[in-house]
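Peer 1: Let me begin by handing over the structure; questions about it come next.
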Amino acid sequence: MITNSILLECLSVEQLQQMIGTSVKNGIQEFQNEIKTKDNSEELLSRDETCQFLKIDSSTLWAWTNAGKVKAYGIGARRYYKRSELLENLILLKK
């Protein structure tokens, strides 16, 4: 039977601190990589979240939705906006 165990009585305090530090750093690095690769483009935003994301007032969002500048998706009386579509609707302005 193979076991992965460490005998702590053979380690100095510095060695144990180094092992723990290395393990924690590796765990944090893996978590950061997972967050970076996570695809948030299809995330649905509520009206308030969309206004905060675009830094606009709710009346502006209402006007843009009615003018067809942004697409809204609804369930009942609730409206949602796809983050990816909001980003696609942004246009580059030339100076």
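The values are calculated or read from the model by the stated rules, or taken from the named source; none is laboratory data. Values in this document were obtained by computation on a predicted structure and should not be read as measured data. Backbone-built Cβ (ideal geometry, glycine too); neighbour counts: all protein chains shown.
Peer 1: Among Lys94, Lys55, Lys36, which is at pLDDT 90 or above and among the charged types (D, E, K, R)?
Peer 2: Lys55
Peer 1: Determine, yes or no, whether Lys55 is at positive phi and not hydrophobic (A, V, I, L, M, F, W, C).
Peer 2: yes
Peer 1: If you go through the stretch 59-74 one residue at a time, how many are of a type in the set (Ser, Thr, Tyr) and in contact with a Ser or Thr (Cβ under 7 Å, 6 or more places away or on another chain)?
Peer 2: Initially, the stretch 59-74 is screened for residues of a type in the set (Ser, Thr, Tyr), giving 59-60, 65, 73.
From what is left, the residues that are in contact with a Ser or Thr (Cβ under 7 Å, 6 or more places away or on another chain) are none.
Of the residues in that region, 0 qualify.
Yes/no matrix, rows are residues, columns are (1) among the aliphatic types (A, V, I, L, M); (2) surrounded by 10 or more Cβ atoms within 10 Å (Cβ to Cβ); (3) modelled with pLDDT of 75 or more; (4) outside any helix (DSSP H, G or I):
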site: Met1; (1), (2), (3), (4): yes, no, no, yes
site: Asn4; (1), (2), (3), (4): no, no, no, yes
site: Lys25; (1), (2), (3), (4): no, yes, yes, no
site: Ile28; (1), (2), (3), (4): yes, yes, yes, no
site: Phe31; (1), (2), (3), (4): no, yes, yes, no
site: Asn40; (1), (2), (3), (4): no, no, no, yes
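Peer 1: Between a residue in the stretch 42-63 that is touching a residue at least 12 places away in the same chain (Cβ under 8 Å) and over 13 Å from Asn89 (Cβ atoms) and any residue that is aliphatic (A, V, I, L, M) and part of a helix (DSSP H, G or I), which pairs come within a Cβ distance under 7 Å, given they are 6 or more apart or on different chains?
Peer 2: Listed by first residue and then by second, the contacts come to Arg47/Leu61.
Peer 1: Next up: Test of understanding: among Leu61, Leu86, which residue is surrounded by 13 or more Cβ atoms within 10 Å (Cβ to Cβ), assigned to a helix (DSSP H, G or I) and touching a Cys at 6+ places or on another chain (Cβ under 7 Å)?
Peer 2: Exactly one of Leu61, Leu86 is surrounded by 13 or more Cβ atoms within 10 Å (Cβ to Cβ), assigned to a helix (DSSP H, G or I) and touching a Cys at 6+ places or on another chain (Cβ under 7 Å), namely Leu61.
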